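For reference, the structure discussed in these notes is given below.
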Amino acid sequence: MSDLFSNTSEDCSIVYKRMRDETETNRLAKKGRDHCDELWRVYEPFADTHFKSEFSDPNLEKLHARWFEMYLAVALTEKGLLVRQKPNDIGPDILLEMEDRRIWIETTCSTRGDPQSPDYVPKQQLGGLKEEVLDRYLLRITNTLREKEKKFKECLDNDIVDEHDTLVIAININLTDAAYIYDIFDRALYCLGDPDIELNKFTRKINGVSHKTLNKIPKCSPEWIDLGYFIKGTMPCISCVLAFSGNLLMYGSKLGDDCVTYPNLTSDNKWIQGSVPMGIEWSPEENENDWSLTKIKY
């Protein structure tokens, strides 16, 4: 195994340098280093030629993105799934070979955006989540999804992936601090707005729950962004989203336990339940007029 921390330059992110140089004096640095080395031991044969240089890049977001790619591939391997090396080192980040199909996974980390942009997501202050800040979180996630959909379309146009392949976006939202917004992906993908709850005041039981429909959100510029990609048919080439919230210092649980699978109800290639048995999966059922989604825990 080659050394993942072989870059001795000072022009690296602070997290990389601490894991490289401070394992004898910094407990968290040692835990992070041990964790990354353990993942690298499995992932190195699948890594592309740019992996180590981007992992040691001075931009911390690149380290986080490459860590997430490595984390997910190893989690899939531990589930017994067959991770393959990409042909000619091109294409989406992770290739899974199933008995009857291929699954391509493009990994990405949503960020706060450009600090100079009016849509930048500020660090959340105590005192509750304001609606305009929630919209900014949604804008960052929808922007990430659209960017990765565009990349998949380019791969389809260039015959890097096949139209019958299952195409998946795996997105980590840790850098946005949106992990605590439990329904952020329900809003982006299924137009799920705020809930209305009816309670029986004598039995204290819930009579029913309904949700407002959230079709679009405003940008700071005079523009509105549509939501509901997975019920409106606006991302037909994408089969599902795998959502994650952890970082390399939050790995006390089993690899992949933070995964939530959101199937695209209008995909050209429908997601097959249980293909990636990790964390939580929303399993769809369709009838003549409706879809229903049931939570499955692995």
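Worth a mention:
- Subset of the range 142-175 that is touching a Phe, Trp or Tyr at 6+ places or on another chain (Cβ under 6 Å) and closer than 23 Å to residue 245 by Cβ - its residue that is surrounded by the most Cβ atoms within 10 Å (Cβ to Cβ): 167
- For the range 255-295, a residue qualifies if it is surrounded by 18 or more Cβ atoms within 10 Å (Cβ to Cβ), acidic (Asp, Glu) and in a strand (DSSP E or B), and exactly one does: 281.
- Any hit, the range 89-102, residues being out of contact with any Leu (no Cβ under 8 Å at 6 or more places or on another chain), assigned to a helix (DSSP H, G or I), closer than 27 Å to residue 237 by Cβ and at pLDDT below 95: yes
- Identity of the residue in the range 45-88, buried (at least 20 other Cβ atoms within 10 Å of the Cβ) and hydroxyl-bearing (Ser, Thr, Tyr), that ends up farthest from residue 170 (Cα to Cα): 56
- Pair list, Cβ under 8 Å, 6 or more apart: the range 37-49 residue aromatic (Phe, Trp, Tyr), other residue in a helix (DSSP H, G or I): 40/70; 43/70; 43/73; 43/74; 46/73
- Of all residue pairs spaced 6 or more apart or on separate chains, those with beta-carbon atoms under 6 Å, a first member in the range 265-292 that is among the small types (Gly, Ala, Ser) and a second member that is not in a loop (DSSP other than H, G, I, E, B) are 279/260; 283/294; 283/296; 292/285.
- Filter result (touching a strand residue (DSSP E or B) at 6+ places or on another chain (Cβ under 7 Å), without any contact (Cβ under 8 Å) to a residue 60 or more places away in the chain and either hydrophobic (A, V, I, L, M, F, W, C) or over 27 Å from residue 163 (Cβ atoms) (or both)) within the range 231-264: 258
- Restricting the first member to the range 139-160 and to residues that are within 14 Å of residue 90 (Cα to Cα) and touching a residue at least 12 places away in the same chain (Cβ under 8 Å), and the second to residues that are of a type in the set (Val, Ile, Thr) and surrounded by fewer than 19 Cβ atoms within 10 Å (Cβ to Cβ), the beta-carbon pairs closer than 8 Å and six or more apart or on different chains are 160/90.
- Selection status of residue 129, over 13 Å from the mean Cα position of the chain (by Cα), farther than 24 Å from residue 63 by Cα and modelled with pLDDT of 90 or more: no
The values are calculated or read from the model by the stated rules, or taken from the named source; none is laboratory data. Keep in mind the model is a prediction, meaning the values are calculated, not measured. Glycine gets a Cβ as well: all are built from the backbone with ideal geometry, and neighbour counts include every protein chain shown.
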